[in-house]
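What follows draws every value from the coordinates through simple rules; no lab data is involved. All values reported here derive from a predicted model rather than from experimental measurement. Cβ coordinates were reconstructed from backbone atoms using ideal geometry, including for glycine residues, and neighbour counts include every protein chain displayed.
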């Protein structure tokens, strides 16, 4: 190339030495990370950004505040649950209690899978066109409605079957009431979260269709991929929306402003939002139907039939939509299996609450804390895998099944997080259990025996969940299944089941030896 070609470059091409150095003669490949610029002081290295190593203190200081805020929300949900169990409908139709864990979990799972689908499409650039955007929104909202109705109805049917097998009894009016309550609650809750999700995604055209975590949460505040000019529009463009999705987005954006890892902050707050709303919705719908069902006996069949009749329409819309066609066939497994696990947990809860009514105040807390902590771990594990390897391949020296000692005691980043989260179990539950005691009974007197066994149950639950989180996340990753989409539904459902069982064992044991705390909360 002659002088004319040199004009395209900031230095003459003749100055670049083409002769290889002696050190590279025996090398099979050149060092592509270094290059020489004429006039510089030698080879220059290309900087590859690496995720910063977080310490126990940095993780704990970021998690602790949202953890306690979310925990107090669960305390409120527990107190509300303890209150509504005394309502006439809960006393006369106790099977409704079985639905509580399943419906609370279903709302969160549908939100997560909806967010994941929209995020994937946005990252593929499929929502830049307004027509395509609306096509995707309509398709996904109809798919979520379809899933909510089907899974909500399934949870009620499973609950009825469990009751029929265990008690050898079948009440048609109770069955119809249970099914109609379940489909109404799941449908309305999913519609609210769907509208809230769409409103959030319309905040900025650059973020349409994706979880803000996907755009902001995987980068550091100084990352070249992060455009801070998008932060303010997220907060301001939809300030009027009152859905929890905007709150979650605000938490994530503020986390970046204050140089905090959103994985540590967003998941605990997001996980607790909506629990008390769904519980209140279920309670009020059940009460309204119970009050009129004797006078207007046909109302429950009409509600169930109407929802069943619209399912084919939702299926047709989702099937015709290219963005939801495949999910219509393949996106049911995590949601359905999580519902089955949670419904089984609800069945156990129904049996326990018939003898130990005071257990209701603690059930949302022990389940919620376990779910929140394991969600942080699952989110961080998924983030680390996204940053270090391709979907379907594990990082070097990584294995799916490892010793629990490695998960809790090694120097790996996931072990650091595990230790921080385990440490938070004791002070967190101490705060929440004394808050429940004070608000419910007007005093904070708890026996040391009750506190010790309650903390042991909570500690065992979280320890199991954090280990299972590692195994499940790495297993799904190796199977080319994004753990962002699949892991948390299973973990939260397992957390519900473990929490209910361990809490039940605690109450049974302490009540049998006459512990005054369990007696106080069961009167």
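List of remarks:
- On the principal axes of its alpha-carbon atoms, segment 138-194 has extents of 44, 15, 13 Å, going from largest to smallest.
- Set of segment 458-490 residues, backbone N closer than 20 Å to the point 7 Å along the Cα-Cβ line of residue 386: 469-490
- Using a Förster distance of 22 Å, the FRET efficiency for residue 320-residue 188 (Cβ separation, nearest 0.05): 0.30
- Segment residue 68-residue 280, length gained on full extension (0.36 nm per residue, minus Cα span): 74.1 nm
- Paramagnetic reach from residue 459 (point 7 Å along Cα→Cβ, amide N under 14 Å) across segment 397-418: none
- The alpha-carbon positions of segment 332-523 define a convex hull whose volume is 113 Å³ per residue.
- Cα→Cβ-extended label distance, 7 Å offset, between residue 313 and residue 297, nm: 2.9 nm
- Among 278-290, 339-351, 168-180, 397-409, the order from most to least packed when residues are scored by Cβ within 10 Å on average: 339-351, 278-290, 168-180, 397-409
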